[in-house]
Structure formats: C-alpha cells, structure tokens
Amino acid sequence: MEDDWKRLAAFAEVVRAGSLSAAGRRLGISTSAVSQQLRALEQAHGVTLLHRSTRKLALTEAGARLAPHCQAMVDAAARARQQLTAARDAPEGELRLAAPVGFARHLAPALAPLLAAHPGLSLRLFVDDAMIDLIDARIDLAVRAGRLADSSWAARRLCRFELVLCAAPAYLARAGMPATPAELPSHEWIGGARDGSGLLLTLEGPAGAQESFRVAPRVLGNNQLSLQQLCVAGLGLMLAVRADIDDELRTGRLLPVMPEWRGTPLPVWAVTPQRDGQPAKVRHAAEAIGRYLRQVPGALTD
C-alpha cells in the first residue's frame, strides 16, 4: 500500500511536470528513481501508463484515466499536511479582526490573555457597524450577530444573547409601564429598521407564547451604543442585548419592561473567509472570544 502510494504520487508528478527529470527535481529524487517508480507501478498492475521517447512523454488511455485520480490523491494529502501544520503551529503573525461597535467592549478581555501568552501574535481591529467585506479588507476573523446572509464564508455559532425589553425610568414615568404586548405599539421606540416599513419585533413569553408587531421608531440608527445611550436618556423603549446593558440594569439607569417577555435570542457568529485549513491564530482567537462571550450576563450556550 505504501509503495503504491509513492508510485501513484510519482506518476501524478510526472504528468504535472511533463518530464521525468522535472518530476525528479520536484520530488527530490533522481530521474532514474522516478523511472523505476513508474515501471514498478505498471508492472504491479499490468498496464502501461506512459509512452516514453527521448523527446517527450505521452499518456496512454489508461494513464489519462488514472492521472486526475492520482492528482486528487496528492492534493488531498497536501491538505491533510496543512491541517497537521495548522494544529501544530502556535498563533502568530497579524490577526485582522472585524466586529460591530457593540461587541468591541468584549474583545479586549477576550483576547488579552491570548496576546499575552503568544508574543508573536499581533492584532489589528476593524470596529464598525457597517458590514465589512472580509476579502477586500483581508479580514481573518469577523464577529457577527443575527441572521447571516448566504455566502461561501464559514460561520460557527459562538453563543446566543438574550434580548431584553427596557426603558429609562424617566420614560416610564412619562409614558407609563406597559403591562401587555398589545400596549407596546403605542409607545415610542428606539431601534434600527432595514427598510421603510418600520421595525418588526417578535417577543417570546410564558408557556411558549409569541407576539409579533411592527412599530415606527422615533429614533433609528445602525450604531447600537448610540441607541442605548438615547434609551438611557429617556427617548423610548428598546429591545437590547442583555450583555450590553447589564451595567445600566444593575445601576437602575434602565429598567426591564415586562420581563416575562423576551426577544428571540440573538446568535453570535465567528465568520471566516475560508472553511478549511484555518491558521492557528484564527482558531485560537475564535475559541477565546467564544469562551469569553459564553460567560457574560445573558449568554445562552444551547
């Protein structure tokens, strides 16, 4: 089996290189050794794979059928070696990481231990609520939240975050505390709408109950931090990530509204532009971020 593999690999290299001598140079063996491998392969299986002359090589019909399978075998072996190398290597080099503004606060505590443990690893952050193109910006790893559009990128869910309905005490003193989902559309809202038809909200309540309704927010925006600050200022109700407003809830700057009703949990993803052969810096960073996020208030790991 091992001899067969070597002979098949030698045949693939001869076909790719176009000559025995070129194949030998690439394989690091002599031309005569390459020729011996081919003769042994042909004799072992009783088939002629190449017509040889002093000037050129030509594939036989059997050789032409075999060549793509041999090349696929060699390519698979190369990918296997890349996986071993990636598993072995410590994270190093520049890690280019993109994340929304709302998640930037989690990146430092998540990645500081990794950076401290690996002096050869550097970090370049791209913090933006706009969707950064991973290829154009040469991003190694992006942290994204919510529903992902279909793409060729690889995504792994890190956790889910609770969504809490909240408002500032000043707003509730002015507008009143809603008691049922039916009262919510009449309130002022803060949020982000992706189209001109308003903000569609879905709440999950006791015993699996679910209520959906559309509102026209008084304040719209794509920056979560700014929206939270406007909510604290008393501009309206907001469906917010529990992890982002934990300090405000603990200090009373924001109050939970109808706490028995929650938004559908928000999935958080580690997104990379390639599926296979992830370098160690990407794998270690994604693991570190996921490990940290799963410990913050309101994180769900199911």
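The values are calculated or read from the model by the stated rules, or taken from the named source; none is laboratory data. Everything quoted here is computed from the prediction, not taken from an experiment. All Cβ positions, even for glycine, are placed from backbone atoms using ideal geometry, and neighbour counts span all protein chains on display. Accessible surface areas use protein heavy atoms only, side chains included; no ligands, DNA or RNA. Shrake-Rupley method; radii C 1.70, N 1.55, O 1.52, S 1.80 Å.
Among the residues of segment 193-213, is there at least one that is among the acidic types (D, E) and part of a helix (DSSP H, G or I)? Explain how you work it out, then say what you get.
As a first pass, look at segment 193-213 and keep what is among the acidic types (D, E): 195, 204, 211.
If we keep only those that are part of a helix (DSSP H, G or I) as well, we get none.
Scanning segment 193-213 turns up no residue that is among the acidic types (D, E) and part of a helix (DSSP H, G or I).
Which one of R250, R291 is over 26 Å from the mean Cα position of the chain (by Cα) and not in a loop (DSSP other than H, G, I, E, B)?
Exactly one of R250, R291 is over 26 Å from the mean Cα position of the chain (by Cα) and not in a loop (DSSP other than H, G, I, E, B), namely R250.
Does M258 satisfy being in contact with a helix residue (DSSP H, G or I) (Cβ under 6 Å, 6 or more places away or on another chain), in contact (Cβ under 8 Å) with a residue 24 or more places away in the chain, open to solvent by less than 30 Å² (accessible area, probe 1.4 Å) and not in a helix (DSSP H, G or I)?
no
Of the residues in segment 206-236, how many are among the aliphatic types (A, V, I, L, M) and out of contact with any Gly (no Cβ under 9 Å at 6 or more places or on another chain)?
So the answer is 5.
Tell me, which residue of segment 88-98 that is out of contact with any Leu (no Cβ under 6 Å at 6 or more places or on another chain) and on the phi < 0 side of the Ramachandran plot is least open to solvent (accessible area, probe 1.4 Å)?
Ranking the qualifying residues of segment 88-98, first place goes to A98.
Take segment 129-149 and flag every residue that is part of a loop (DSSP other than H, G, I, E, B) and either in contact with a strand residue (DSSP E or B) (Cβ under 7 Å, 6 or more places away or on another chain) or modelled with pLDDT of 90 or more (or both). First the steps, then the outcome.
Start the filter on segment 129-149 by keeping residues that are part of a loop (DSSP other than H, G, I, E, B), which leaves 129-140, 146-149.
Once the filter is applied, which keeps residues that are part of a loop (DSSP other than H, G, I, E, B) and either in contact with a strand residue (DSSP E or B) (Cβ under 7 Å, 6 or more places away or on another chain) or modelled with pLDDT of 90 or more (or both), segment 129-149 yields I132, L134, A137, R138, I139, D140, G146, L148.
So the check is Cβ under 6 Å with 6+ separation or different chains; which pairs have a first residue in segment 204-220 that's closer than 18 Å to A240 by Cα and basic (K, R) and a second one that's at pLDDT 90 or above and surrounded by 11 or more Cβ atoms within 10 Å (Cβ to Cβ)?
The qualifying pairs are R218/E188; R218/G236.
Identify the single condition in (1) open to solvent by less than 60 Å² (accessible area, probe 1.4 Å); (2) among the small types (G, A, S); (3) more than 25 Å from P267 (Cβ to Cβ) that A117 does not satisfy, given that it satisfies every other one.
Every condition holds for A117 apart from (1).
Residue-wise test of (1) buried (at least 17 other Cβ atoms within 10 Å of the Cβ); (2) in contact (Cβ under 8 Å) with a residue 12 or more places away in the chain; (3) within 15 Å of M258 (Cα to Cα); (4) not hydroxyl-bearing (S, T, Y).
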| residue | (1), (2), (3), (4) |
| --- | --- |
| D133 | no, no, no, yes |
| L141 | yes, yes, no, yes |
| R147 | no, yes, no, yes |
| L158 | yes, yes, no, yes |
| V164 | yes, yes, yes, yes |
| L184 | yes, yes, yes, yes |
| G192 | no, yes, no, yes |
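Could you grab me the full set of residues in segment 168-182 that are modelled with pLDDT under 95 and open to solvent by 50 Å² or more (accessible area, probe 1.4 Å)?
Selection gives A179, T180, A182.
Counting just the residues of segment 40-84 that are among the hydroxyl-bearing types (S, T, Y) and open to solvent by 50 Å² or more (accessible area, probe 1.4 Å), which one comes out modelled with the lowest pLDDT?
T54
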